[in-house]
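Quick notes on the structure that follows.
The values are calculated or read from the model by the stated rules, or taken from the named source; none is laboratory data. No experiment lies behind these values; they were computed from the predicted model shown. Here Cβ is always computed from backbone atoms with ideal geometry, including for glycine, and neighbour counts include all displayed protein chains. Ligands, DNA and RNA are stripped out before the accessible areas are found, and what is left, the full protein with its side chains, is counted by its heavy atoms. Shrake-Rupley method; radii C 1.70, N 1.55, O 1.52, S 1.80 Å.
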Amino acid sequence: MRPVNRGAWPKNADDTEIEYKKYPKARGELIKRLGEFCSYCEMHLDASLAVEHVQPKRPPGATVAMADRELDWGNFLLACTNCNSTKGNTDVVIDDYYWPDRDNTFRALQYSVGGIIEPTDNLTADQKRQANRTIKLTGLDKKPLNDSEASDRRWLNRKEAWDIASRSKERLSRNYTDDFKEQIEDTAFANGFWSIWMTVFKDDPDMLRRFINKFKGICEQCFDEHNDYAPVARPGGQI
């Protein structure tokens, strides 16, 4: 899960904050800053990418939406249909989970062959429990088992992205040129799943720098440029 910077509340030409009367109106600015990617599974999408509320606008038991959540720029991310519906209206306690706009989520979750997502090995027991809650919240551990679940292609798409990234790395070893590196950047951006590309190319600092720069909204403070772009604790975050 890529750590992102949503940025400050958007402003009008007269330097006043934009007042969102309907939250879907924030979609364009979010895409401009974060790109057309789900904030959770990292899938690249276009028309089906929706404004997602970190804390639900209408938690269980509420009869109407809570205005301080529904129209708050600081409560917006972008999500695909599957992540959004799985998360649903769970009334989350922020500190019980890791969030891409608050924490270094790339440091908390690890990706492996086949598109599998798990807590990072070197976390403490408490951190692993928190990472697991984060994975469960949006169903990043789901694998389609039957036809009724076939619409949830997140795992299959991650698996495919891993295979593409692995082949790209192998080809780059035979043709280590800037032109080919740029082609890999473009392929990764079109494919999505930034964390998979970062994982597959973890031993190539130049490619890591390129992926960090290529994808919009990445929290650059989460990576140590002096130590081969190793993930580091996010300032003010939980991890």
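Some points to look at:
- Within the stretch 224-233, the set of residues being surrounded by fewer than 21 Cβ atoms within 10 Å (Cβ to Cβ) and either in contact with a Phe, Trp or Tyr (Cβ under 9 Å, 6 or more places away or on another chain) or of a type in the set (D, E, K, R) (or both) comprises ASP224, GLU225, ASP228, ALA230, PRO231, VAL232.
- Looking only at the stretch 54-69, and only at residues there that are in contact (Cβ under 8 Å) with a residue 24 or more places away in the chain and out of contact with any strand residue (DSSP E or B) (no Cβ under 7 Å at 6 or more places or on another chain), the one that is most open to solvent (accessible area, probe 1.4 Å): ARG58
- A single entry from ASP95, ASP91 fulfils the requirement of being of a type outside the set (A, V, I, L, M), loosely packed, with under 15 Cβ neighbours inside 10 Å, modelled with pLDDT of 95 or more and under 18 Å from ALA131 (Cα atoms): ASP95.
- For the stretch 70-87, the set of residues classified as among the small types (Gly, Ala, Ser), open to solvent by less than 40 Å² (accessible area, probe 1.4 Å) and under 25 Å from TRP155 (Cα atoms) consists of ALA79 only.
- Residues satisfying the stated conditions in the stretch 153-165, i.e. surrounded by fewer than 20 Cβ atoms within 10 Å (Cβ to Cβ) and among the charged types (D, E, K, R): ARG153, LYS159, GLU160, ASP163
- Beta carbons closer than 7 Å, at least 6 apart along the sequence or on distinct chains, pair a first residue in the stretch 196-223 that is farther than 12 Å from VAL4 by Cα and open to solvent by less than 20 Å² (accessible area, probe 1.4 Å) with a second that is at pLDDT 95 or above and among the polar types (S, T, N, Q) for VAL200/SER166.
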